[in-house]
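The values are calculated or read from the model by the stated rules, or taken from the named source; none is laboratory data. Just so you know, these numbers come straight off a predicted model, no measurement behind them. A quick note on method: Cβ atoms are made from the backbone with ideal geometry, for glycine too, and the neighbour counts reach across all protein chains shown. These area figures cover heavy atoms from the full protein model, side chains too; ligands, DNA and RNA do not enter into them. Shrake-Rupley method; radii C 1.70, N 1.55, O 1.52, S 1.80 Å.
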Amino acid sequence: MSASTRAGWGGVLAAARTIYDVAPLYEAIYLGRGKDYATEAAKVAAVIRERNPGARDLLDVGCGPAAHLRHLAALFGRVEGADVAEPMLDLARRRLPGVAFHRADMRDFDLGRRFDTVISLFSAIGNVGDGAELRAAVGCLRRHLRPGGVLVVEPWWFPENFVSGHVGRDVVEFGPVTVARVSHSVRKGSSSHMTVHYVVAEPGEGIWHFTDEHVMALFSRDEYIAAFREAGLDAEFLDLGNGGPGVFVGTPVRAPAARR
C-alpha cells in the first residue's frame, strides 16, 4: 500500500465503482482470509506440466494484481498478464516490473502472439454475462494457445453449488489499516448477485464505508465443457483441493485413431 493511498482512503473509496478499483484493499482482504496464492500457483503449474512438460511461457488472463503470477514467474521462462481493470494492472506492474501486462477484455482481445499455456484463475470467467460471452471468452483464450498448448480456467460456482442467501464476514488487517467485509449473496435467474459492504479504518485518519454490487454468471459444468469443445479443446474438471470451485483443463481435441 503506497503512502498516497494511506493518506487518501476517503477519496480512493469515493471514486471506486467496484472493489477492483481498489487493488491494495482487494489483495489485503484475500491474503487476510488465508488465500494461499503460492500453493495454488504450484498446483496449476503441475497440472500444466503433466500435459505439456515443455511449456515455457504462460499468459494469465484476469491476472488482477499478479498475486498468482508473481509465483508462476519463477516456474516459467516467460509470463505475461492481462486484465480489464487498470488499477489491478498498476499494482501488477509495480510488483513485476519486467513483465508485460495488457489491458484486455477476455471476450475479445488479440495480443498478436501465442503461448504454451493460458490460464484464467480466481473465477474471473464468471464476469462474462451469458453463454454467448462464455463461448467467446473461451474461444479467445484458445486462440492465444500454441498447438499442443494447455488452457486452465477456474470457474465461478456451479448452480448446484451456489448457496443463495449466504452471508460472508471477515475482518483483516494490513499495516495500520483494519478492514471489515460483510457480504450477502442471492441467486437471480442464472446469476449470483453479491452485495458487499466494506468498512476501512486507520488510526489517526478516519473510518470509511464502501459498497460493491457484484454480479457473476452461474454456468453448469456442461456449459463450460461445451464452450471448450466449441473452441476445439477437450476439457476435464479437476479439484485442486484448495476449497475453491476447481479448474477446467483444456487440451486440443485428439483426432480419432485411424482404422486398420
Overall dimensions of region 84-154 as given by Cα atoms, namely Rg and Dmax in Å: 12.7, 36
Accessible area (Å², 1.4 Å probe, nearest 10) - F210: 10
So what is the 222 nm mean residue ellipticity for the chain from helices alone, if each DSSP H run of at least 4 adds -39500 (n - 2.57) and you divide by all residues, rounding to the nearest 500 deg cm²/dmol? -8000 deg cm²/dmol
For I125, I225, give the ranking by accessible area with the largest first, probe 1.4 Å. I225, I125
Cα long-axis angle, helix 86-95 against the chain (0 to 90 degrees, to the nearest 10): 80
At 20 °C and a viscosity of 1.002 mPa s, what translational diffusion coefficient does Stokes-Einstein give for the chain, taking Rh as the Kirkwood radius over Cα pairs? Give it in µm²/s as a whole number. 111
Give the separation of the Cα centroids, region 181-206 to region 81-147, in Å. 25
Solvent exposure ordering (accessible area, 1.4 Å, most first) of F122, F228: F122, F228
Rounded accessible area of E223 (nearest 10 Å², 1.4 Å probe): 80
Which one, V196, L238, V179, is farthest towards the positive end of the dipole of region 179-260 when Lys and Arg carry +1 and Asp and Glu -1 on their Cβ? L238
Length-normalised contact order of the chain in % [C-alpha pairs under 8 Å, at least 6 apart]: 17
In debye, nearest 20: dipole of the chain around its Cα centre with unit charges on the Cβ of K, R (+) and D, E (-)? 880
Using the Cα centre of region 35-142 as origin and beta-carbon charges of +1 (Lys, Arg) and -1 (Asp, Glu), tell me which of P65, A45, A124 is placed farthest towards the positive end of the dipole. A45
Could you sort E236, E213 by their accessible area in this structure, using a 1.4 Å probe and putting the largest first? E213, E236
If unit charges are put on Cβ atoms (+1 for Lys and Arg, -1 for Asp and Glu) and the dipole of the chain is taken about its Cα centre, the option from G54, P159, F115 lying farthest towards the positive end turns out to be G54
Can you tell me the equivalent ellipsoid semi-axes for region 56-119? Use √(5λ) from the Cα gyration tensor, largest first, whole Å. 16, 15, 9
Degrees, to the nearest 10: 221-230 long Cα axis against longest axis of the chain: 50
Against the longest principal axis of the chain, how steep is helix 23-32, in degrees 0 to 90 to the nearest 10, with axes from Cα atoms? 80
Carbon/sulfur fraction of accessible area - region 132-172, other protein chains in place, 1.4 Å, %: 55
